[in-house]
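As structure tokens, the structure follows; a few thoughts come after it.
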Amino acid sequence: MMATAKGVGSEPGDNVTAQPLGLYVHVPFCATKCHFCAFFQAKPTRETIGTFIQGITAESRLWAATKPQPLETVFWGGGTPGILSADDMLRLHQSLEPILQGNRIREWTVEMAPATLTPAKLFALKRIGVTRISMGVQSFDQGVLDEMGRHHSPGQVKRAYDWIREAGFDNVNLDMIIAFPGQSTEDLEHDLDEVIRMSPDHVSAYCLTFEEDTPLYARLSDGVYKRDIEQEAALYEFAWQKLEDAGFHQYEISNFSKDGFRSLHNLNTWRMTEWIGMGPSASSQFRGIRRTHAHDQGTWLKDIATGSLPEREIVVLNNDSILSDCLIFGLRMTDGPDLPALIQRFGKSALSKWEPLFHHLTADGLAEYKPDNYLRLTLQGRLVADAIGVAVLEAEDT
Ligand code: SF4
């Protein structure tokens, strides 16, 4: 077993124990693999679905034994949780009973794919208390969907969306991908017009990333695709403005919501509160420890069968490392990190190593202080948010 420790020599971050708690369940099944995907996922069979649910039952008991604080949010992600049958969804819910028992869940999201979504599944999800559906659309251009290896059509997206609304879900997210190689502003405008016409409550618009060992990465390496950084920046700006004009307020670099529909689960995660992750490759952040499970289902099942929470890959967090992540993810949020709250949580001197960086960012016009002492990125800063994240990490080690 491999154990990594960050911040060895200092106490685990003790400021995280009283934080809001989320539960993430990784459902590792997909019918086929998208051409940009580097996540662990496998084709489902009756046997692997059965053993997965047994593993979650066992893991749920292990986590319940730690007597965590009440859960605030639940998120079933993947993979494709929506590939499970309605009966398997009910079984998965039952398997979580030890950890869900007695909790009043404020937000419960399930990710669904347009091609495998059915009214019967939506009915089952409604019955168990799911409050929010997140559907992976990615594009309304059939050619782009085919190139990405997504096996659905724009028609299936619209039919699935109608079913979601008919089932009574009043909190719906659509996942889109922007800046596909060769995408023009007109292509993006067409995609966003379709989204706006459907009128979801939340939109996630992620930039396509080229992960190693994926077919899209191979096409980039072979020169079939060429990246145009200036065009990508122009597409982000266009998308951000168009969504804002349509009433979707950007509250994180890639996330936009109508008023009152920010994702609580994601907000808590970006604020570095606490979460329990279950299933293969899931990660947790709980009581000062970040742990990541084995990526394949067989090894995860063996680890769970030992009767204690897996310690395959653990990181002992200290206040500096949590604070650094609070700043990286906080700066990606439109509100920015709440500096007074961070000082209250981590102590007065905690931010001093990042102050020279804050000074540079504001002097270069990449960030600005708001009257209440929040720090937020300007438009120029948001366009280089990844590089700013690296600078925050480097400052942690000074
Ligand atoms: S549906 Fe999601 S997890 Fe499955 S292959 Fe596609 S991107 Fe990967």
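Answer with yes or no whether Thr57 is under 17 Å from the mean Cα position of the chain (by Cα) and either within 17 Å of Glu97 (Cβ to Cβ) or away from the ligand (no atom under 16 Å from the Cβ) (or both).
no
Filter segment 73-98 down to residues that are out of contact with any Asp or Glu (no Cβ under 9 Å at 6 or more places or on another chain) and in contact (Cβ under 8 Å) with a residue 60 or more places away in the chain and give me whichever is farthest from the ligand (Cβ to nearest atom). Going through the qualifying residues, I end up with Leu96.
Among strands (runs of 3 or more DSSP E) lying entirely in segment 270-372, which contain 2 or more residues that are touching a helix residue (DSSP H, G or I) at 6+ places or on another chain (Cβ under 8 Å), at pLDDT 90 or above and surrounded by fewer than 20 Cβ atoms within 10 Å (Cβ to Cβ)?
Numbers: elements: 274-278, 283-286, 289-292, 313-316, 367-369.
By residue number, 367-369.
One residue stands out in segment 111-127 among those that are over 30 Å from Glu189 (Cβ atoms) and crowded, with 18+ Cβ neighbours inside 10 Å: the one that is farthest from the ligand (Cβ to nearest atom), namely Ala124. State yes or no: is Lys226 away from the ligand (no atom under 15 Å from the Cβ), part of a helix (DSSP H, G or I) and either at pLDDT below 95 or within 27 Å of Glu107 (Cβ to Cβ) (or both)? For Lys226, the condition - away from the ligand (no atom under 15 Å from the Cβ), part of a helix (DSSP H, G or I) and either at pLDDT below 95 or within 27 Å of Glu107 (Cβ to Cβ) (or both) - is not met.
Report the residue count in segment 70-95 for those that are among the aliphatic types (A, V, I, L, M) and in contact with a strand residue (DSSP E or B) (Cβ under 7 Å, 6 or more places away or on another chain).
Kept after step one, since they are among the aliphatic types (A, V, I, L, M), are these residues of segment 70-95: 71, 74, 83-84, 86, 89-90, 92.
If we keep only those that are in contact with a strand residue (DSSP E or B) (Cβ under 7 Å, 6 or more places away or on another chain) as well, we get 71, 74, 83-84.
Residues that pass the stated criteria total 4.
Considering Gly247, Gly223, the condition of being over 27 Å from Arg150 (Cα atoms) and surrounded by fewer than 18 Cβ atoms within 10 Å (Cβ to Cβ) is satisfied by Gly247 alone. Scanning segment 23-47 for residues that are within 8 Å of the ligand (Cβ to nearest atom) and among the charged types (D, E, K, R) turns up just one, Lys33. Does Leu243 count as free of Cβ contacts under 8 Å to residues at least 60 places away in the same chain and touching a strand residue (DSSP E or B) at 6+ places or on another chain (Cβ under 9 Å)? So Leu243 passes the test.
Taking Gly102, is it farther than 29 Å from Ala234 by Cα and out of contact with any Phe, Trp or Tyr (no Cβ under 8 Å at 6 or more places or on another chain)? The answer is yes for Gly102.
Quick check: is even one residue across segment 192-212 acidic (Asp, Glu) and modelled with pLDDT under 90? Working first, answer last.
To start, the set of residues in segment 192-212 that are acidic (Asp, Glu) comprises 193-194, 201, 211-212.
Adding the requirement that they be modelled with pLDDT under 90 leaves 211-212.
Checked against the condition, which is being acidic (Asp, Glu) and modelled with pLDDT under 90, segment 192-212 yields at least one hit.
Looking only at segment 99-116, residues that are in contact (Cβ under 8 Å) with a residue 40 or more places away in the chain and polar (S, T, N, Q) come to 2 in all.
Tell me which residues, restricted to segment 121-159, are among the basic types (Lys, Arg) and over 25 Å from Tyr24 (Cα atoms). Let's see the steps before the verdict.
Narrowing segment 121-159 to residues among the basic types (Lys, Arg): 121, 126-127, 132, 150, 158-159.
Across segment 121-159, the qualifying residues are Lys158, Arg159.
The values are calculated or read from the model by the stated rules, or taken from the named source; none is laboratory data. Here the structure is a predicted model, which means the values were calculated and not measured. Ideal geometry is used to build each Cβ from the backbone, glycine not excepted, and the neighbour counts take in all protein chains shown.
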